[in-house]
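The values are calculated or read from the model by the stated rules, or taken from the named source; none is laboratory data. Bear in mind that the values here come from a model prediction, so they are computed numbers and not experimental data. Note that each Cβ is placed from the backbone with ideal geometry, even for glycine, and that neighbours are counted across all protein chains shown. Note: areas computed on protein heavy atoms with side chains; ligands, DNA, RNA excluded. Shrake-Rupley method; radii C 1.70, N 1.55, O 1.52, S 1.80 Å.
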Amino acid sequence: MMKRSLGILLTAIFFSVAVAPNLNAQEGPVQSLRGATAIDETAAVPDVRRQDTPDHRFRRSYRQQPPLIPHKMNKYQINLKVNQCLGCHNWPYNVDAGAPKISETHYMSREGAALDVVARTRWFCTQCHVPQVRTRALVPNTFKSPAEID
Ligand code: HEC
Ligand code: HEC
């Protein structure tokens, strides 16, 4: 019981010290997804961008980067039982699909043992592989790819 109330106390201190000043630093009222449009007005159509699908593949910006997804993927389901990405990217299906085989690292268990099937740690492809949209960066950053510095 003591431990629990200490935990609650520490959480409260954390929020007041670490989180609250950041909240205060944000400017203006909190907005919903609808923005500041009044209830009886029609909200502007959101800016929906199309997925960037290059002819071939994206260049990698750093050596260890999970390659970006260059094709449409909204119809490929991934859940606990089904992974439709594997229908094209798992060996030997990738041969006929003409798709790059998932990396050998994806057939390795957490302990480093070689497996015959894709590792569970690599099951949810879109944890690491993501599609792209041509738009302003959501979070500004100054990263420069060594591949693009001349
Ligand atoms: C119908 C077959 C098919 C399915 C299903 C499919 N892919 Fe692909 N994928 C391809 C092909 C073909 C390429 C190669 C495109 C090229 O090089 O022109 C590719 C390329 C990729 C690449 C780029 C690899 C690189 O080295 O740049 C990634 C990442 C990828 N796919 C991830 C996925 C993920 C994640 C899914 C599931 C959401 C998926 N793919 C489903 C056929 C497929
Ligand atoms: C935990 C992160 C992670 C997950 C989950 C993951 N990948 Fe990867 N993938 C990577 C990284 C990092 C690389 C590049 C380095 C490497 O080869 O291991 C890569 C490489 C690839 C490549 C390129 C292989 C090559 O030889 O060029 C393909 C294709 C790919 N992954 C597909 C998939 C598919 C399909 C899934 C889901 C079944 C998946 N990945 C799950 C991180 C991940």
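Here are some notes:
- Of every Cα-Cα pair in segment 51-150, the percent that sits beyond 24 Å: 30 percent
- Sites matching trypsin sites (Lys or Arg not before Pro) across segment 61-150 that sit in DSSP coil, with at most 12 neighbouring C-beta atoms within 10 Å: ARG63, LYS72, LYS75, LYS81, ARG110, ARG134, ARG136, LYS144
- DSSP-assigned coil residues among GluC sites (Glu not before Pro) in segment 41-150, each with at most 11 further Cβ atoms within 10 Å: GLU41, GLU111, GLU148
- Rolling a 1.4 angstrom probe over segment 78-133 with all protein chains present gives an accessible area of which 58% lies on carbon and sulfur atoms.
- Per residue solvent-accessible surface (Å²) - segment 54-134, probe of 1.4 Å: 79 Å²
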